[in-house]
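To keep things clear, I will list the structure first and then write my remarks on it.
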Amino acid sequence: MTKTDNFIPYPDEPAIIAIGSSFADRSLPKAQWTHAAHFAACLWLLRCRPDVVAERDMPDMIRAYNVATGGVNSATAGYHETITQASIRAARAALRDAAPDTPLHYVHEALMTGACGHKDWLLAYWTSAALMSSAARIAWVEPDIAPLPY
C-alpha cells in the first residue's frame, strides 16, 4: 500500500462517519477538511445518507461548510464545481466496484492509495488552465485531455 500526498488512512468506520457527519453539520475543524476528508465525506454521503443526492446536494453543503469555517465561495476561491462532480463520480465508482458490505474506510483507503489520492489527479483529464478556470469553478467543464473513466 502506497501513501499518497502524506495520506494517513482513517483507522475504521467510525472515523469515516465522524468526518462525514461533522462535515454535514459544519462542525469539522477547517484544518481537517483535507483532500482525503473530501472523499471520506463523499463516500459517507453516498452510502449513509439516502436523503442526499450527492451531485445535487454536496455543492451547497460544501459552500455552506466553507462559509461556516470562514471561507468564501467565488469565481476564484472556495467551492469548485468541476472538481466536486469529478470526485463524486470517482467515489461512486469506488463504491460500485467494492462489495456492498465493504467498510467505508477500506473503500476510502483504496481511493487514496490510487490515482485519486494525489491532489493533482484530475490533471490527467484536464489541463491546469481549464481545470483552474473560473468557468470550471462555477460550472461543470468537460475534460480537455481525456474523458473521465467513470
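We did not get these values from a lab; they are worked out from the coordinates using the rules stated. As the structure is a computational prediction, the values presented were derived from the model and not from experiment. Because the Cβ atoms are built from the backbone with ideal geometry, glycine has one as well, and the counts that use them run over all protein chains shown.
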Inset, instruction - Would you work out if segment 1-130 is rounded, prolate or oblate? Take a ≥ b ≥ c from the square roots of the eigenvalues of the alpha-carbon gyration tensor; rounded if a/c is under 1.5, else prolate when a/b is larger than b/c, oblate otherwise. - result: rounded
Legend entry - For segment 59-123: rounded, prolate or oblate by the Cα gyration tensor [a/c cutoff 1.5]: prolate
Legend entry - Charge dipole magnitude, Cβ of K and R +1, D and E -1 - the chain, Cα centre, debye nearest 20: 220
Legend entry - trypsin sites (Lys or Arg not before Pro) lying in DSSP loop within segment 1-109, provided at most 12 other Cβ fall within 10 Å: Lys3
Inset, instruction - Quick one: check the C-alpha center-to-center distance for segment 21-70 versus segment 112-150, whole angstrom. - result: 20
